[in-house]
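Only the coordinates and a few stated rules stand behind these numbers; no lab work does. Just so we're clear, the structure is a prediction, and the values are computed from it rather than from any experiment. With ideal geometry, Cβ positions are generated from the backbone for all residues, glycine too; neighbour counts draw on all protein chains shown.
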Amino acid sequence: MTAKSKLKKTNVKISSKYQFPLRQRNHYELLIDGENYFPAILNDINQAHKFIYIEMYLVSSGKICSQFIDALSKAVARGVKVFTLFDHHGSKDFSQQDVRRLDSANINFAWYNPVKVMQLRASLHRNHRKIIVIDGAIAWTGGTGITDSFAYNKDPSQYWHESMIRIQGKCVQDWQKLFEQVWSRWSTCILPSIDVENSQLLDQSSESYSQQGRVVSSSAIYSSEVRRSLLTKIRGANKRIWLATAYFVPSRKLRKSLMKAAKRGVDVRIMLPGPITDLSSVRYMARRYYAKLLKHGIRIYEYQKRFIHAKYSIVDHWVSNGSSNLDVWNLVWNLDANQEMFDTNIAAMHEKMFLHDMESSHCFTLIEWKKRSWWSRVWEYFWGRVRGGLAWFSRREALRHHH
């Protein structure tokens, strides 16, 4: 099977509005920054009894990666089946030595869509999801990678600000299904037959499992539940729309929806990276929209302390956290997935994180923005033109597939 045919089968069109239903009886935990969520994830791996699924975009050899390989190797030694799927482009810094370590430990490993020079268009499709499923009882998602960039570092430019969600309850089966759908296209290894719905490890009698949620996914140009759901929530917002994203190159539809919400009195705030970022070009693309958004009363914050890589949305008491950024390229070319949560407590946790990050951010006024340097305007214009070309190419590709 060719890479192109595999991609077509991976990006299955969903006939209904959403692939997965809104599910009751979940429990969510928000963990902020790698020094908090990495130990928790590794602890869950150390407690695994049956199987572990890991699907990641960004994996780089180093200290954190070695800790994961060691934990997974120990899991296999005690009889746990481990399956790992890494994006070939995003994990280009995952060394061959570490690939051999996985193989020698009998850890099942596959690359998603290996980059091929003679198939550049097909190689643009990437798997940007961050999924960890353990025994069908616990799932993790958010914006992290398995790389030292998310581990504590005294150098703020090397220490990325991120969040992850730990999930228990009914939604775990949907994260498991997402992994299984993609794995079957890129590996011949057979996954274990696990009935998540009736798993004894999934203790749904706990009183703490009281939160609603839905898993939403984006299958590149074929389906974008993440984008559709966010736009629906923005259009129905009553009090607030707070967005945090690492890469903000919004579609015209999203920009208009945000401005209309602000016009009707909704508190609209956007948290974006400041001078510390891994892609200055995308920051300049985002700044092309600042003036118009500020004119409509939207507050824009640039985080100053570190590179903010977190990707979450708060609309009233609804929260979405996962791998999806608010940029055109991401929504057209990547596989992504978010956990939506309908709960006042988890919304309050995200609100607290947002407010805390505001203290380390610069909030622009329209008057101040108009006084920015001519050099900044030149870069904004240049990268704005590049953005236009990328958007045109993405729309053209989307139309080509839809027809």
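Between the range 371-388 and the range 216-259, the alpha-carbon centres lie 24 Å apart. Considering only beta bridges that DSSP places wholly inside the range 220-402, some 55 percent are antiparallel.
Peptides 228-239, 265-276, 92-103 ranked from most to least packed give 265-276, 228-239, 92-103, packing being the mean of other C-beta atoms within 10 angstrom over each peptide's residues. In plain terms, the chain from residue 386 to residue 17 could stretch by 129.6 nm, reckoned as 0.36 nm per residue minus the Cα-Cα distance. Bridges between two residues of the range 22-209, per DSSP, are antiparallel at a rate of about 60%. The spacing between the range 39-114 and the range 285-303, judged by their C-alpha centroids, is 40 Å. Annotation: peptides 289-298, 309-318, 151-160, ranked by per-residue average of other Cβ atoms within 10 Å with the highest first, follow the order 309-318, 289-298, 151-160. Per-residue ellipticity at 222 nm computed for the chain from its helices equals -12000 deg cm²/dmol, with DSSP H segments shorter than 4 residues left out and the rest contributing -39,500 (n - 2.57).
Principal axis extents of the C-alpha atoms in the chain (largest first, rounded to whole Å): 63, 54, 49.
With each label modelled as a point 7 angstrom along the Cα→C-beta vector, the residue 305-residue 70 pair spans 2.8 nm. Across the options 172, 151, 184, the greatest Cα extent toward the positive end of the charge dipole of the range 143-184 (unit charges at beta carbon of Lys, Arg, Asp, Glu) belongs to 172. In terms of distances greater than 21 angstrom between alpha carbons, the cross-link table entries 263/371; 81/116; 233/370; 63/311; 239/295; 263/295 yield 263/371; 81/116; 233/370; 63/311.
Exposed loop positions in the chain were taken to be GluC sites (Glu not before Pro) whose DSSP state is not H, G, I, E or B and which have at most 11 other beta-carbon atoms within 10 angstrom. Between these positions, the longest stretch is 1-206.
Oblate is the label for the range 25-114, because a/c, from the alpha-carbon gyration tensor with a ≥ b ≥ c as root eigenvalues, is 1.5 or above and a/b does not exceed b/c.
Length gained on full extension, residue 191 to residue 369: 58.7 nm, using 0.36 nm per residue less the C-alpha separation.
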